[in-house]
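A short write-up of the structure that comes next.
The values are calculated or read from the model by the stated rules, or taken from the named source; none is laboratory data. The model shown is predicted, which means the values in this text are computed figures rather than measured ones. As a convention, Cβ positions derive from the backbone with ideal geometry for all residues, glycine included, and neighbour counts pool all protein chains shown. The accessibility values were calculated without ligands, DNA or RNA, using every heavy atom of the protein model including side chains. Shrake-Rupley method; radii C 1.70, N 1.55, O 1.52, S 1.80 Å.
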Amino acid sequence: MRTNGDRRRGGLGAASVGVGALGVGEVIAAARGDSLIDAIGRLLIDTAPVPVVEATVALSGRHDKVVTRIGVGAGAVAAAVGLGALPPRARTVAVAGVGAGAVALGMRRATRSATTVAGALAAAGVLGAGLSKGPRGLLGSFAWTSAGAGLFAAARALHRDLDRKQDEAIQKVGPMGSLAAVPQDGLEDEQGLSSLITRNRSFYVADVNLTPPRIDPNRWRLAVTGMVAHPLRLSLAELVSDAVEFDAVMVCVHNRPGERRAANGRWFGVPLAKLLEHAIPEAGATRLVTRAVDGYTISLPVEPLRSGQWPGYLVVGVNGEPLAPEHGFPARVFVPGLYGQYTGAKWLAELQLTDDDQADYWVRRGWPSELIWVTPQARIDLATPGRAAAGTTTIAGVAWAPPDGVLGVEIRVDEGDWRPVDLGTELAPAAWRRWRTTIELPSGEHSVQARAIGRSGEMQDGTDRAPFPSGPTGFHTLTVRV
Ligand SMILES: Nc1nc2c(c(=O)[nH]1)N[C@H]1C(S)=C(S)[C@@H](COP(=O)(O)O)O[C@H]1N2
Ligand SMILES: [Mo]
């Protein structure tokens with residue numbers, strides 16, 4: 001007869017075996033720079049229903065990757081506890097199932113790696129053996145847990161080492177364009193206002209990978225393939241020599257008004273029109289597939305890029321530096337005005353010209369296949385009392401309406417009349433524009449809202465709408481207490 005106490009100890013023992021087994025898997029995968037947890041996480045990201053993805057993005061904000069990783073780790077340990085509670089024969093079958101899952105994981109393009117498979121199989125083996133014997137008492141559980149923790153630390157050290165090597169390789173690539181003349185818009189004195197150019201380490205990160213792929217810039221080549229008269233294979237140095245600078249804001253389709261999934265950069269890239277001119281697309285080539293090293297794709301129509309109607313770029317740097325690992329080093333595609341999810345892949349491996357209509361990553365998951373353009377949006381960064389004169393409040397922020405530019409920004413207090421604010425100098429139509437105004441507010445609590453007006457006349461839509469499926473709308477509302 002098993003008592004409750006037995007069961008609790010059994011659960012603890014199985015959990016400790018789970019930690020130990022996962023540690024074995026992590027350290028083996030890490031030998032080649034992979035991670036079992038990240039591979040499982042990517043599988044979940046690739047298969048989770050869109051409402052689950054949307055809820056995770058909305059609830060975890062900037063911490064979505066950490067939250068996913070912790071979820072995977074906790075889930076794996078919980079699964080070990082579940083397996084531990086099974087009768088021996090059922091457990092053997094289930095552990096074999098885990099092994100089969102490991103092989104399946106290694107077959108997927110996004111996570112394909114022999115070391116990940118080896119790590120997962122070893123973890124399954126350790127799990128099976130550990131659960132059938134069971135750790136002896138509390139000390140046994142403690143030993144398994146500490147062994148697992150030690151292996152996790154070893155895996156982490158291996159990853160740190162590879163990250164350091166990647167950073168060194170990126171440093172060696174050298175400067176990308178120049179920030180020689182730091183751009184100004186006349187609002188430099190406003191403390192607390194977003195900077196005109198977002199610093200590289202403040203750029204938001206949004207992608208389906210838990211850790212960025214590491215790419216050796218010396219071996220990397222951009223392939224231009226498919227329906228072209230001249231297929232190309234270009235090194236980073238070759239691309240750099242054709243690159244030009246441009247200023248533009250990149251916005252994630254998940255950026256609800258007031259959020260910070262948007263960043264303004266001085267980018268360095270080769271106009272796609274120029275690359276296409278070299279490659280010479282065949283007459284029937286309608287789609288340009290931007291494909292990342294892990295198979296992730298975003299497709300764009302060829303014609304407007306080829307003609308230059310949409311100034312798209314193959315980007316190799318931002319703010320004077322090469323792209324950071326999490327932002328797509330060594331190259332990505334960016335068409336200013338399209339939301340990040342539709343603008344082109346990071347960690348680019350290939351530009352393929354085609355006439356097929358194979359759906360992209362997010363389109364297969366239920367997002368529309370039509371490209372989604374960024375709509376005008378204004379964000380309030382600060383409301384500072386008494387700066388200009390006693391009894392007044394300075395309100396300032398940023399606004400964007402790429403690619404045409406911001407024509408005006410207006411604010412209203414307590415849903416009263418809209419009034420225009422002062423705009424900073426426009427850096428470029430596709431960039432964000434800073435704004436500021438000083439108003440008098442009677443004492444008490446007030447709601448302040450802002451809206452942007454695009455140069456094409458498009459007014460920011462105040463209807464509160466979630467990002468899925470066609471982009472967010474609404475106003476940023478700030479409550480100010482005077
Ligand atoms: N390869 C790849 N490229 C990608 C993505 C991705 O998941 N994988 N995410 C896209 C999305 S949704 C956005 S918003 C931008 C974000 O770029 P950033 O992380 O540099 O800000 O990259 C885009 N390019
Ligand atoms: Mo995004």
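Structural remarks
- Qualifying positions in region 52-76 - β-branched (Val, Ile, Thr), surrounded by 19 or more Cβ atoms within 10 Å (Cβ to Cβ) and more than 19 Å from Ala466 (Cβ to Cβ): Thr68, Val72
- Just one of (1) over 22 Å from Pro376 (Cβ atoms); (2) under 20 Å from the mean Cα position of the chain (by Cα); (3) away from ligand 2 (no atom under 16 Å from the Cβ); (4) in a strand (DSSP E or B) fails for Gly295. It is (4).
- Options Pro330, Pro304: the member that is away from ligand 2 (no atom under 16 Å from the Cβ), outside the structural domain of Arg42 (by TED's automatic domain parsing) and in contact with a strand residue (DSSP E or B) (Cβ under 8 Å, 6 or more places away or on another chain): Pro330
- Out of Ala79, Ala100, one residue alone is farther than 30 Å from Asp360 by Cα and of a type outside the set (Phe, Trp, Tyr). It is Ala79.
- Just one of (1) within 20 Å of Gly337 (Cβ to Cβ); (2) touching a residue at least 24 places away in the same chain (Cβ under 8 Å) fails for Ser369. It is (2).
- Given (1) polar (S, T, N, Q); (2) under 26 Å from Asp38 (Cβ atoms); (3) more than 12 Å from ligand 1 (Cβ to nearest atom), index of the condition Ser178 fails: (2)
- Residues of region 321-335 that are assigned to a loop (DSSP other than H, G, I, E, B) and open to solvent by less than 10 Å² (accessible area, probe 1.4 Å): Leu323, Gly328, Phe329, Pro330, Ala331, Val335.
- Qualifying residue in region 128-143 (condition: in contact with a helix residue (DSSP H, G or I) (Cβ under 8 Å, 6 or more places away or on another chain) and closer than 30 Å to Ala292 by Cβ): no
- Qualifying residue in region 192-215 (condition: of a type outside the set (Ser, Thr, Tyr) and more than 23 Å from the chain's Cα centre (by Cα)): yes
- From Ala110, Ala78, Ala154, residue being within 18 Å of Val17 (Cβ to Cβ), outside the structural domain of Asp294 (by TED's automatic domain parsing) and assigned to a helix (DSSP H, G or I): Ala78
- Top-ranked residue in region 168-181 [being free of Cβ contacts under 8 Å to residues at least 12 places away in the same chain and over 15 Å from Phe329 (Cβ atoms); ranked as least open to solvent (accessible area, probe 1.4 Å)]: Ala181
- Only one of the numbered conditions (1) touching a Lys or Arg at 6+ places or on another chain (Cβ under 9 Å); (2) surrounded by 13 or more Cβ atoms within 10 Å (Cβ to Cβ) is violated by Gly148, and that is (1).
- Qualifying residue in region 39-51 (condition: surrounded by 15 or more Cβ atoms within 10 Å (Cβ to Cβ), within 11 Å of Gly119 (Cβ to Cβ), in contact (Cβ under 8 Å) with a residue 40 or more places away in the chain and not β-branched (Val, Ile, Thr)): yes
- Number of the condition not met by Ala206 [criteria: (1) assigned to a loop (DSSP other than H, G, I, E, B); (2) touching an Asp or Glu at 6+ places or on another chain (Cβ under 6 Å)]: (2)
- Candidate set from region 238-297 (those that are among the polar types (S, T, N, Q) and open to solvent by less than 60 Å² (accessible area, probe 1.4 Å)); member that is nearest to His63 (Cα to Cα): Asn255
- Filter result (within 30 Å of Arg233 (Cα to Cα), open to solvent by less than 10 Å² (accessible area, probe 1.4 Å) and within 13 Å of ligand 2 (Cβ to nearest atom)) within region 343-382: Thr343, Gly344, Ala345
- Residues (away from ligand 1 (no atom under 16 Å from the Cβ) and open to solvent by less than 60 Å² (accessible area, probe 1.4 Å)) located in region 202-228: Pro217, Val224, Thr225, Gly226, Met227, Val228
- Lys165 vs. criteria surrounded by fewer than 19 Cβ atoms within 10 Å (Cβ to Cβ), at pLDDT 95 or above, under 16 Å from Val318 (Cα atoms) and of a type in the set (D, E, K, R): no
- Scanning region 257-271 for residues that are within 14 Å of ligand 1 (Cβ to nearest atom) and in a loop (DSSP other than H, G, I, E, B) returns Glu259, Arg260, Arg261.
- Checklist (1) away from ligand 2 (no atom under 14 Å from the Cβ); (2) in the same structural domain as Val289 (by TED's automatic domain parsing); (3) surrounded by 18 or more Cβ atoms within 10 Å (Cβ to Cβ) applied to Tyr339, failing item: (1)
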